[in-house]
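K.L.:
Take this structure first; my questions come after.
The values are calculated or read from the model by the stated rules, or taken from the named source; none is laboratory data. All of these numbers come straight from a predicted model, not from anything done at the bench. Here the Cβ is made from the backbone with ideal geometry for all residues, glycine too, and neighbour counts use every protein chain on show. In case anyone asks, the SASA skips ligands and DNA or RNA and just uses the protein heavy atoms, side chains included. Shrake-Rupley method; radii C 1.70, N 1.55, O 1.52, S 1.80 Å.
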Amino acid sequence: MSPTQPLPLVIATRESRLALWQAEHVQALLRARGHSVSLLGMTTQGDQILDRSLSKVGGKGLFVKELEVALEEGRAHIAVHSLKDVPMELPEGFALACVMEREDPRDAFVSPHYASLDALPQGAVVGTSSLRRQVLLQALRPDLKIEPLRGNLDTRLRKLDDGQYDAIVLAAAGLKRLGLQDRIRTEFATTDMLPAAGQGALGIEIRSDRQDLMAALAPLAHQETWLTVTAERAVSRAMGGSCSMPLAAHGRLVQGTLHLDAAWGDPDGSAPLVHASASAPVATLADADALGIAIAARLRAGGARASHPVTG
């Protein structure tokens, strides 16, 4: 089949408003290239389990498993994911075919009453179920009370507006994609709140034997983003990265040199944060992967403990 031949495609997607925006964004880009594209909306285990943190019920892979089943059964051809929700190791038979240009990778401070984290009163309640955000927030403000916050983006904002929290921390990318940037009081500097690996980027997953899909998706790929997130995800993979380990990794590619920062936190809060940074020329995904692995080694040398990936 010619790579340029139009294909009939079905995109598997979660049904939250943000997930549908992401799938419709990809749908529009593919339609503009002559493909016939429809959506298959699905509810995942991650969407259904809202009373426990992801680290306790199987990790972020719960957001992608059902979509992978749809790919395996042929009910869909591609799945669009927030890359930070994609496990570091894909199951056999699946491939990450495309990483698209990144939106803002930073975390956003959202509050109806306070302009910034520094403005919060002593002992204020901040909502997040991310262990990464929890340990970074506690390093900045040990006095804060960090409470779990699950649900899709609209649900989290509603809980904030109902007065359950003084502030919440969300990915800036999701708010901006849905036109909710006015809810952002301030964006955290990456030096204060280092983002999660892949945060703000979209990844497209396919069956690894579908070379025709790989070719069809190639025009949507953004090489700078792909190189950067490959290094970030390599840090996480080398550390056994999962929702059960507070780990941050963020890279910036400047004139062919990738500057990569990472931070590890103790889930029990008994050990201090461990930081590591390095820079290297990066031209290939293998180069990026090697830099990420090197950063993970530096984290371990500094006292960070690798974990086994969450399964289930």
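K.L.:
Name the pairs: first residue in the stretch 276-303 and assigned by TED's automatic domain parsing to the domain that holds H250, second residue surrounded by 16 or more Cβ atoms within 10 Å (Cβ to Cβ) and of a type outside the set (A, V, I, L, M, F, W, C), Cβ to Cβ under 6 Å, at least 6 apart or on different chains?
P.N.:
Correct list of pairs: A276/R298; S277/D261; S279/H259; L285/T230; A288/T230; D289/T230.
A quick yes/no check of all residues on (1) under 19 Å from the mean Cα position of the chain (by Cα); (2) hydrophobic (A, V, I, L, M, F, W, C); (3) surrounded by 17 or more Cβ atoms within 10 Å (Cβ to Cβ); (4) part of a loop (DSSP other than H, G, I, E, B):
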site	(1), (2), (3), (4)
A263	yes, yes, yes, no
G269	no, no, no, yes
A280	no, yes, no, no
L291	no, yes, yes, no
L299	no, yes, yes, no
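K.L.:
Still on this structure, please answer the following. For the subset of the stretch 230-257 comprising residues that are farther than 11 Å from A296 by Cα and out of contact with any helix residue (DSSP H, G or I) (no Cβ under 6 Å at 6 or more places or on another chain), which member is most open to solvent (accessible area, probe 1.4 Å)?
P.N.:
So the residue we want is Q255.
K.L.:
Among the listed residues F94, F109, which satisfies the condition of being more than 30 Å from P219 (Cα to Cα) and touching a residue at least 24 places away in the same chain (Cβ under 8 Å)? Quick ask: steps written out before the conclusion?
P.N.:
Values: F94 fails: more than 30 Å from P219 (Cα to Cα).
Result of the check over F94, F109: F109.
K.L.:
Name the pairs whose Cβ atoms lie under 9 Å apart, with the first residue in the stretch 172-192 and of a type in the set (G, A, S), the second assigned to a helix (DSSP H, G or I) and buried (at least 18 other Cβ atoms within 10 Å of the Cβ), and 6 or more positions between them or separate chains?
P.N.:
Filtered contacts from the stretch 172-192: G174/L18; G174/L153.
K.L.:
Now for a different question. Of the residues that make up the stretch 270-282, is at least one within 30 Å of V10 (Cβ to Cβ) and at pLDDT below 95?
P.N.:
Here is the first cut: in the stretch 270-282, the residues within 30 Å of V10 (Cβ to Cβ) are none.
No; the residues of the stretch 270-282 include none that is within 30 Å of V10 (Cβ to Cβ) and at pLDDT below 95.
K.L.:
Go through the stretch 126-145 and give me each residue that's closer than 30 Å to T43 by Cβ, open to solvent by 30 Å² or more (accessible area, probe 1.4 Å) and either without any contact (Cβ under 8 Å) to a residue 60 or more places away in the chain or of a type in the set (A, V, I, L, M, F, W, C) (or both).
P.N.:
Listed by number, the list holds a single entry, L131.
K.L.:
Follow-up. Can we say L90 is in contact with a Phe, Trp or Tyr (Cβ under 7 Å, 6 or more places away or on another chain) and outside the structural domain of A271 (by TED's automatic domain parsing)? Full working, then the answer.
P.N.:
Numbers: in contact with a Phe, Trp or Tyr (Cβ under 7 Å, 6 or more places away or on another chain): no; outside the structural domain of A271 (by TED's automatic domain parsing): yes.
So L90 fails the test.
K.L.:
Just need a number here: residues in the stretch 101-125 that are surrounded by fewer than 22 Cβ atoms within 10 Å (Cβ to Cβ) and hydroxyl-bearing (S, T, Y).
P.N.:
Residues that pass the stated criteria total 2.
K.L.:
State which residue is nearest to R14 (Cα to Cα) when the search covers only the stretch 181-211 and only residues that are touching a Gly at 6+ places or on another chain (Cβ under 8 Å) and open to solvent by 20 Å² or more (accessible area, probe 1.4 Å).
P.N.:
Our first condition is that a residue be touching a Gly at 6+ places or on another chain (Cβ under 8 Å); within the stretch 181-211, this holds for 197, 207-209.
Pick out the ones that are also open to solvent by 20 Å² or more (accessible area, probe 1.4 Å) and you get 207-209.
Values: R207: 18, S208: 21, D209: 23 Å.
Only one residue tops the list, namely R207.
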